[in-house]
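Novice: So that we are looking at the same thing, I have put the structure below in structure tokens.
What follows is calculated from the coordinates using simple rules that are stated; it is not laboratory data. It should be emphasised that the depicted structure is a prediction, and the values quoted were computed from it without experimental measurement. All Cβ positions, even for glycine, are placed from backbone atoms using ideal geometry, and neighbour counts span all protein chains on display.
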Amino acid sequence: MSGSDVHKSLPAALAAELVALADVGQLRFLRTVSGAQQAHTTLDGRPVLLLCSNNYLGLANHPRLLAGARAAVDQYGCSAGASRLISGTMRLHEELEEALAAFKKTPKALVFNSGYVANLALLTTLVGDGDVIYSDALNHASIVDGCRLSRARLQIYRHAEVDHLAQLLENTAASFRRRLIVTDSVFSMDGDLAPLPEIAALARRYDAALMVDDAHATGVLGLCGRGSGEYFCLDYKDIDLQMGTLGKALGSCGAYVAGDARFINYLINKARSFIYTTALPPAALGASLAAVQLLVEKPEMVLRLRALADYFRQGLRHLEIAVNDDPTPIVPVRVGDPQRTMALSAWFLERGVFIQGIRPPTVPSGQSLLRVTLSADLTFSDLDQVLALFAERRREFKS
Ligand SMILES: *Cc1c(COP(=O)(O)O)cnc(C)c1O
């Protein structure tokens, strides 16, 4: 900042910063989806195909979830009225927690108001001063913030590099009281997987606890969509804490932590972002409960999502556009330059396809991309239509 900025009023200084962001193609603004969250919806009043939502199973506007939310409102009203430890724990919280524990095959589960606060809760409650957290370099912002707030020492290992993690564990073996390894299972920007079996083996060898963020894995990974544990054949004895969100594939909002009862009981007593906030409202709980029940009844939804993702990746490969090979519905398509990325995003939107461009600081400089996310309520012919558009601009993507 130049010296004269000091004398500007705060709003003027903030506005100047935004102008500087716009100059480098990094200004962000909100877009309004005017229809329901589903593959065919309306954006700013125009029909679009939505290819950047986390509503992976297309459940956000599913009749079963709508019915679950309505029944919950009819019976229990609009609000929990208090925090969980006062009088905000309702029968629906218990039912959802029981359903989630059964779904995750863990002794116990606890729901939180969002994935962001669930991660803050876990990281700030389970470790603190004198402890150490080992965190993947590409972990989600909510994990990064939880690590900072925890006051534990932070050891960041290079993305998905088990050898680097092993080296950090070895070097710090005697120096700390409690040790916690934390990783996303599916990384949100690239859609790639953490090497969880190797990480779980290291956790066991070095007597560290393991916490996994299944935000993009719940309803997505494993034959029944139970998450990364199911996919890798690991259970709650291998992964101590499995966190996941209810606002992505499960089509509602909120989050859960599943694991050994001792962890859950501790969180209920100590986690500030669980204790000092009004509990989730009935509508959200009723929708989440319906989503879990539906997924247990119809796990084939997960297979359909996978088939669509495989089809789309194959289509891009035919166009000689480079894509990842991960079993997830997140398909990043690399462009590089942020302005070109946003121009491409606008070009797709003019043709009725909404794909968000991802720029720094979310991704490193020079690695801007179009992040396509697929959902089970798309059709194969929708994807053909999108692939035809990619074909027109194929030379502008990395091959
Ligand atoms: C979305 C997300 C969260 C936050 O979950 P919310 O329920 O949206 O707050 C946490 N971790 C990861 C990896 C996510 O993608």
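Novice: Need the full-extension length gain, residue 86 to residue 204, defined as separation in residues times 0.36 nm minus the C-alpha distance. One decimal, nm.
Specialist: Between residue 86 and residue 204, full extension yields 38.7 nm more.
Novice: Another question, if that's okay. So, how do all the Cα-to-Cα distances of the chain break down into 10 Å bins, in percent, from 0 on up?
Specialist: Spelled out per bin, shortest first, that is 5, 21, 29, 26, 15, 3, 0.
Novice: Which residues make up the longest stretch of the chain that has no chymotrypsin sites (Phe, Trp or Tyr not before Pro) in a DSSP loop with at most 13 other Cβ atoms within 10 Å?
Specialist: Between the exposed loop sites, the longest stretch runs 30-275.
Novice: Moving on to the next point. Which whole-number percent of Cα pairs in the stretch 240-399 have a distance greater than 19 Å?
Specialist: Summing the P(r) of the stretch 240-399 above 19 Å gives 65 percent of all pairs.
Novice: Which values, in whole Å and largest first, are the semi-axes of the equivalent ellipsoid of the stretch 133-195 obtained as the square root of 5 times each eigenvalue of the Cα gyration tensor?
Specialist: 20, 15, 7
Novice: Under 19 Å from the 7 Å Cα→Cβ point of residue 233, by amide nitrogen: which residues of the stretch 183-198?
Specialist: Label zone hits: 194-198.
Novice: Next question, about the same structure. Counting DSSP beta bridges with both partners in the stretch 63-297, what percentage is antiparallel, nearest 5?
Specialist: Roughly 40 percent of the beta bridges in the stretch 63-297 run antiparallel, per DSSP.
Novice: Counting pairs on different chains as well as pairs 8 or more places apart, how many Lys pairs in the chain have Cα atoms under 29 Å apart?
Specialist: Taking the Cα cut-off of 29 Å, the pair count is 18.
Novice: Would you calculate the volume per residue, in Å³, of the smallest convex hull containing every Cα atom of the stretch 63-297?
Specialist: 105 Å³
Novice: Figure the gain on full extension for residue 391 and residue 148 (residue separation times 0.36 nm, minus the Cα-Cα span) and round it to one decimal in nm.
Specialist: 83.1 nm
Novice: Kindly state, to the nearest 0.05, the FRET efficiency for residue 178 paired with residue 28, given R0 = 25 Å and r defined as their beta-carbon distance.
Specialist: E(calc), rounded to 0.05, equals 0.10.
Novice: About its Cα centre, how strong a charge dipole does the stretch 53-110 have in debye, to the nearest 20, once Lys and Arg get +1 and Asp and Glu get -1 at the Cβ?
Specialist: Computed about the Cα centre, the dipole is about 160 debye.
Novice: Separation between the residue 14 and residue 297 pseudo-spin-labels, each 7 Å from Cα along Cα→Cβ, expressed in nm?
Specialist: 4.7 nm
Novice: A follow-up question, please. Test of understanding: what is the full-extension gain from residue 44 to residue 269, defined as 0.36 nm times their sequence separation minus their Cα-Cα distance?
Specialist: Result: 76.5 nm gained on full extension.
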